[in-house]
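This report concerns only the one structure given below.
The values are calculated or read from the model by the stated rules, or taken from the named source; none is laboratory data. Predicted, not measured: the structure shown is a model, and the values here were computed from it. Neighbour counts are summed over all protein chains in view; Cβ atoms, including those assigned to glycine, are modelled from backbone coordinates with ideal geometry. These accessible areas exclude ligands, DNA and RNA; they are computed on the full protein's heavy atoms, side chains included. Shrake-Rupley method; radii C 1.70, N 1.55, O 1.52, S 1.80 Å.
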Amino acid sequence: MLTLTENASTIVKTLTEQSPDEAAGLRISSSNPDSTAFAAAVTPEPEVSDQVVESGGARIFLETQAAEVLDDKVLDAQVDDQGGVSFAIGAIA
């Protein structure tokens, strides 16, 4: 299962708290099964087939293909000087 760093949990929680929906989370999806590129967006609730990962108050919704690829990975996040958020996926140490 995907794990989150403390930074990622804090940033995801901050992003989703801006949504009016209490069940909101960050949905990660992959449109191409042969690609390692993912899309991430705050959504009000998970899709029926999404895997839900909760960590430190953060909620991540993983689309089926993304869940398979990210099963043994760790998600990290950073905020740059202009307030932009970037996510990085790495192997579990």
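Figures for the structure shown
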| item | result |
| --- | --- |
| Protein accessible area in the chain, 1.4 Å probe - carbon and sulfur % | 48 percent |
| Cut-off 15 Å between beta-carbons: net charge of the residues surrounding residue 1, Lys and Arg +1, Asp and Glu -1 | -4 |
| Unit charges on C-beta of K, R, D, E only; dipole of the chain, Debye | 80 debye |
| Whole-Hz ³J(HN,Hα) from phi, Karplus 6.51 cos²θ - 1.76 cosθ + 1.60, for the range 9-21, glycine and proline x | 4, 5, 5, 4, 4, 4, 5, 6, 5, 7, 7, x, 8 |
| 14 Å beta-carbon shell around residue 89, net charge (K/R +1, D/E -1) | -3 |
| In Hz, Karplus ³J(HN,Hα) per residue of the range 57-67 (6.51, -1.76, 1.60; θ = phi - 60°; x = Gly, Pro) | x, 8, 10, 10, 10, 9, 4, 3, 5, 5, 4 |
| Probe 1.4 Å, protein heavy atoms only - accessible area per residue of the chain in square angstrom | 61 Å² |
| 11 Å reach of a label modelled at residue 45, 7 Å along Cα-to-Cβ, counting backbone N of the range 1-33 | 22-24 |
